[in-house]
Amino acid sequence: MTCKEIIEALYDLEDKDKVAFKAKKFGIISNNSLGIYHKDLKVMAKEIGVDNTLALQLFDSEIYEARLLCSKLFNPKDVTEELMEKWVKTFENWEICDSFCMGLFSKSNFALAKILEWSQREPEFEKRAAFATLASYCMADKTSDNNLFEQFFSIIKREAHDERLYVKKAVNWALRNIGKRNIDLNHKAIEVANKLLEFESKSAQWIAKNALAELQKEGIRMSDYPRAIYRF
């Protein structure tokens, strides 16, 4: 399919009622949106297949759903720092932020550097991108040892004070996912959460309580990464 054909197909699925519904129900407020559910875009992306050129053309169309498709069509290993910076600055809600972070950024060669860099950014969805990428990286990296992930506890504690909804939810998500890699990181993540409980910040306390509810749950499912160590 050509870019023109894909955009025509997107317009065929246009539903303005869904734009309003997504904004009201999920807080997804977006410019130039056609009102197409993510599940329908996943079906379309599977039919199209990986295509970097098409992905870039779709992003530059400035149609919201075309940009979501970009995150599903671009090859993560071909992502550059320049593209990551171009894309992250356009994020306007959690849906598109997480789609790029989960589908591309966490699988790119620059994931770790951008987690550290973006965690210090002020714009809400640039900072969210740091922690959404980290949360996804916990699943994408199946071989790194615990030391790599322990370094992120300091930025989780540093940014836990941020009261903005989509930042604190991503910080919480990252803490929980680190704690689900293996039993040792689980114990350390619980220690961090207990430290956050001592903070005066309401955001830090919410992050801590929510994380502890999952990380201390009986029968919690662990990824056991790296499995060479945690599964014999």
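The values are calculated or read from the model by the stated rules, or taken from the named source; none is laboratory data. None of these values were measured; they are calculated from a predicted model. Ideal geometry is used to build each Cβ from the backbone, glycine not excepted, and the neighbour counts take in all protein chains shown. Just so you know, the surface numbers come from the protein's heavy atoms only, side chains and all, with ligands and any DNA or RNA stripped out. Shrake-Rupley method; radii C 1.70, N 1.55, O 1.52, S 1.80 Å.
Out of contact with any Phe, Trp or Tyr (no Cβ under 6 Å at 6 or more places or on another chain) and either farther than 16 Å from Lys4 by Cα or at pLDDT below 95 (or both): which single residue out of Ile63, Ile36 fits that description?
On the way: Ile63 fails: either farther than 16 Å from Lys4 by Cα or at pLDDT below 95 (or both).
From the options Ile63, Ile36, the qualifying one is Ile36.
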Residue match in region 142-163 (condition: part of a loop (DSSP other than H, G, I, E, B), without any contact (Cβ under 8 Å) to a residue 40 or more places away in the chain and within 21 Å of Lys180 (Cβ to Cβ)): yes
For region 38-80, how many residues are in a helix (DSSP H, G or I), open to solvent by 20 Å² or more (accessible area, probe 1.4 Å) and closer than 14 Å to Leu104 by Cα? 7
Over region 213-230, the set of residues more than 24 Å from Ser106 (Cβ to Cβ) and either open to solvent by less than 20 Å² (accessible area, probe 1.4 Å) or without any contact (Cβ under 8 Å) to a residue 12 or more places away in the chain (or both) is Ala213, Lys217, Glu218, Gly219
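Among the residues in region 63-70, are any in contact with a helix residue (DSSP H, G or I) (Cβ under 8 Å, 6 or more places away or on another chain), among the small types (Gly, Ala, Ser) and within 22 Å of Ala113 (Cβ to Cβ)? Steps first, please.
Let us first name the residues in region 63-70 that are in contact with a helix residue (DSSP H, G or I) (Cβ under 8 Å, 6 or more places away or on another chain), namely 63-70.
Of the ones still in play, those that are also among the small types (Gly, Ala, Ser) are 66.
Adding the requirement that they be within 22 Å of Ala113 (Cβ to Cβ) leaves none.
The answer is no; no qualifying residue exists.
Hey, does region 192-207 have a residue that's of a type in the set (Asp, Glu), open to solvent by less than 70 Å² (accessible area, probe 1.4 Å) and either in contact (Cβ under 8 Å) with a residue 40 or more places away in the chain or more than 24 Å from Met222 (Cα to Cα) (or both)? Spell out the reasoning first.
Of all residues in region 192-207, those of a type in the set (Asp, Glu) come to 198, 200.
Within this subset, residues satisfying the condition of being open to solvent by less than 70 Å² (accessible area, probe 1.4 Å) are none.
No, there is no match, as no residue in region 192-207 is of a type in the set (Asp, Glu), open to solvent by less than 70 Å² (accessible area, probe 1.4 Å) and either in contact (Cβ under 8 Å) with a residue 40 or more places away in the chain or more than 24 Å from Met222 (Cα to Cα) (or both).
Checking the conditions here, which among Ala113, Ala135 is part of a helix (DSSP H, G or I), closer than 30 Å to Val19 by Cα and touching a helix residue (DSSP H, G or I) at 6+ places or on another chain (Cβ under 9 Å)? Can you show your working first?
On the way: Ala113 fails: closer than 30 Å to Val19 by Cα.
So the residue among Ala113, Ala135 that is part of a helix (DSSP H, G or I), closer than 30 Å to Val19 by Cα and touching a helix residue (DSSP H, G or I) at 6+ places or on another chain (Cβ under 9 Å) is Ala135.
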